[in-house]
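Notes for the one structure printed next.
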2 protein chains.
Amino acid sequence: MKILNFILAESALELIPKSLINHPAILNYAKKRGKKPEQMLLDRSIHHTAMRNLPNAFKRGRPDIVHFTLLNILGSPLNRKGMVKVYVHTIQDKVIDVNSKVRLPKNYNRFIGLIEQLYEFKKVPPKGEPLLTLKDQNILELIKEIKPSKVIAFTTLGKPIILQKVCESIVKEDNPIVLVGGFPHNHFSEKILKASDEKVKVYNEALEAWIIAARVIYGCELALGINF
Amino acid sequence: MKILNFILAESALELIPKSLINHPAILNYAKKRGKKPEQMLLDRSIHHTAMRNLPNAFKRGRPDIVHFTLLNILGSPLNRKGMVKVYVHTIQDKVIDVNSKVRLPKNYNRFIGLIEQLYEFKKVPPKGEPLLTLKDQNILELIKEIKPSKVIAFTTLGKPIILQKVCESIVKEDNPIVLVGGFPHNHFSEKILKASDEKVKVYNEALEAWIIAARVIYGCELALGINF
């Protein structure tokens, strides 16, 4: 393995959808932030009431999952050695390409501001070498583009297997993709399950995306014998 | 090992200090939040300018470090099995006792609100079984109270050793304490270094507290053979 391709898939990250931009709570929040509703990220912890009638709401509006997971990956030795490539695929079929050198804001509100800027300009910073870029792409197109030797999805629907065994097989791959769900509840869509060569379950309860991410990265370092 | 005692030590968590409560930027922010300055947490990402003349400022005002680290620990299988006891020791010698069953807010602003409530009432929720409690205690008193068999500090001042070897020796201990710095820059104070039986360096650059936390927890699970 030269590069671990890590896709946070069907992530609960999106701008406030059109159906909600006239909701009083959303308008109020937009006014407070001095932004248009359609320029702001959907966030369940703020827009809970407005989201009540949104389809598939339980899989939406959780930018914090993306934030934590990226922080766990980007700060790792494996990434610092240039051996991780992270993509955030969203539930609306956008893909954020994350430059492994990016130093993300640790503060959540600044992270939100940055991602909103990304949705507006399609890249940040708008000038110079882009650290984050955003494009329209579905997960099958993204997987095809990476040309993986194997696609491994972490899901409680998968076959039970010890995580460290999974990591040992990942690092033997030429160009592996790891898929972890960037949403709080429920499962990958059928499309993703079908596109996965292996579906693995590494604990008998669902673990949060950032926890899986941290262990997969450390587990691969261990399997590779990377220490210092 | 029955319990891993994890102390996030000298954490950059505190209320806005008295010397800053009349700073215009702080007053402005307090008004916006409808709180008194002295009821709010110091946060470098918001109070950067006001902190300019604060002593030891580079080790202060980073509640996000506490937030991420706790989320990485609390969601882990080791903690779910009741085998982790987390304490947040702060740079002002307060100790937060974290009930391993607490489900912390994932949203940063809600987390801040919760910790501010904790500073006000000394426990949250104010009624019923406390999930977080706050007391005045210095790190030496806390260590003494835990009666550890060994205190292991993670610091780039320590001797280089492979992290997984550290974890293997941790789990052989009766009642180990792991110390990880809850601050963004610089080192543990002399007091902490002296109180540590072992000082270990597990990577040739500083790693963020939440990254170390995730690896120590997973490393101990591996060493214990905990999988499902």
Nonlocal amide H pairs with A:LYS85, under 5 Å, H built at 1.01 Å: A:LEU4, A:ASN5, A:PHE6
Inter-site label distance for A:ILE162 and A:ARG33 at 7 Å from Cα along Cβ, in nm: 4.6 nm
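Over region B:1-113, what relative contact order in percent results from Cα pairs under 8 Å that are six or more residues apart?
Working: 154 pairs, mean separation 40.8, N = 113.
Across region B:1-113, relative contact order equals 36 percent.
To the nearest 20 debye, what charge dipole does chain B have about its Cα centre, counting +1 at the Cβ of each Lys and Arg and -1 at the Cβ of each Asp and Glu?
On the way: 35 positive and 22 negative charges, 108 e Å.
It comes to approximately 520 debye.
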Dipole of the protein assembly as shown, positive direction: furthest Cα of B:LEU142, A:PRO37, B:SER169, with charges on the beta-carbon: A:PRO37
Hz values of 3J(HN,Hα) by residue in region B:171-184 - Karplus curve (6.51, -1.76, 1.60), Gly and Pro given as x: 5, 7, 6, 5, 8, x, 10, 10, 10, 10, x, x, 10, x
Longest to shortest principal axis, alpha-carbon extents of the protein assembly as shown, angstrom: 57, 52, 47
Per residue solvent-accessible surface (Å²) - region B:23-69, probe of 1.4 Å: 50 Å²
Inter-part distance where region B:113-161 and region A:169-228 are each reduced to a Cα centre, Å: 32 Å
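On average, how much accessible surface per residue is there in region A:97-157, in Å², for a 1.4 Å probe, leaving out ligands, DNA and RNA? Write down the numbers at each step before the final one.
Numbers: 3190 Å² over 61 residues.
Dividing the accessible area of region A:97-157 by its residue count gives 52 Å².
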Taking region B:1-41 and dividing mean pair separation by its residue count, relative contact order in percent (alpha carbons under 8 Å, at least six apart): 44 percent
Under Karplus coefficients 6.51, -1.76 and 1.60, residue-wise ³J(HN,Hα) of region A:74-87 in Hz, glycine/proline x: 5, x, 7, x, 4, 6, 4, 7, x, 10, 10, 10, 9, 10
For region A:52-81 and region B:34-78, distance of Cα centres in Å: 21 Å
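Stokes-Einstein at 20 °C, 1.002 mPa s, Kirkwood radius from Cα pairs: D for chain B in µm² s⁻¹? Show your work: numbers first, answer last.
Numbers: Rh = 18.1 Å.
Rounded, D is 118 µm²/s.
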Listed residue (B:ILE115, B:ILE26, B:SER76) projecting farthest to the positive dipole end of chain B, Cβ model: B:ILE26
Estimated distance in nm for a label pair at A:ASP197 and B:ILE226, the labels positioned 7 Å out from Cα along Cα-to-Cβ: 3.2 nm
Long-range amide H partners of B:SER11 with built H, under 5 Å: B:HIS89, B:THR90, B:ILE91, B:GLY182
In degrees, nearest ten, helix B:108-121 long axis to first principal axis of chain B (Cα): 80 degrees
Estimated dipole of region A:146-209 in Debye, rounded to 20 [Cβ of Lys and Arg +1, of Asp and Glu -1, Cα centre]: 160 debye
Relative contact order for chain A, counting Cα pairs under 8 Å that sit 6 or more residues apart, in percent: 27 percent
Helix axis angle, B:24-33 relative to chain B longest principal axis, alpha carbon, degrees: 80 degrees
DSSP bridge orientation in the protein assembly as shown - percent antiparallel, rounded to nearest 5: 40 percent
Cα lying deepest toward the dipole's positive end in chain B, options B:PHE6, B:ILE46, B:ILE226, charges on Cβ: B:ILE46
Residue of B:TYR87, B:TYR203, B:TYR119 that the Gaussian network model of chain B assigns the largest fluctuation, springs spanning Cα pairs under 10 Å: B:TYR203
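For region B:63-107, give the magnitude of the charge dipole about the Cα centre (Cβ charges: +1 Lys/Arg, -1 Asp/Glu; no others), in debye to the nearest 20. Please report the intermediate quantities before stating the final value.
On the way: 7 positive and 3 negative charges, 64 e Å.
Computed about the Cα centre, the dipole is about 300 debye.
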FRET efficiency, B:SER149 to B:ASN186 (Cβ-Cβ, R0 35 Å, nearest 0.05): 0.75
Whole-Hz couplings from phi, Karplus 6.51/-1.76/1.60, listed for region A:199-211; x for Gly and Pro: 10, 10, 10, 10, 7, 7, 10, 5, 10, 5, 4, 6, 6
Heavy-atom accessible surface of chain B: percent carbon and sulfur, 1.4 Å: 51 percent
Square roots of five times the Cα gyration tensor eigenvalues for region B:5-124, Å: 27, 15, 12
Ascending list, in nanometres, of distances separating the B:GLU141 label from those of the other copies (7 Å, Cα toward Cβ): 6.1
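The values are calculated or read from the model by the stated rules, or taken from the named source; none is laboratory data. Every value quoted in this text rests on a predicted model; they were computed, and no experiment measured them. Don't worry about glycine lacking a Cβ; one is built from the backbone with ideal geometry, like all the others, and counts go over all protein chains shown. These accessible areas exclude ligands, DNA and RNA; they are computed on the full protein's heavy atoms, side chains included. Shrake-Rupley method; radii C 1.70, N 1.55, O 1.52, S 1.80 Å.
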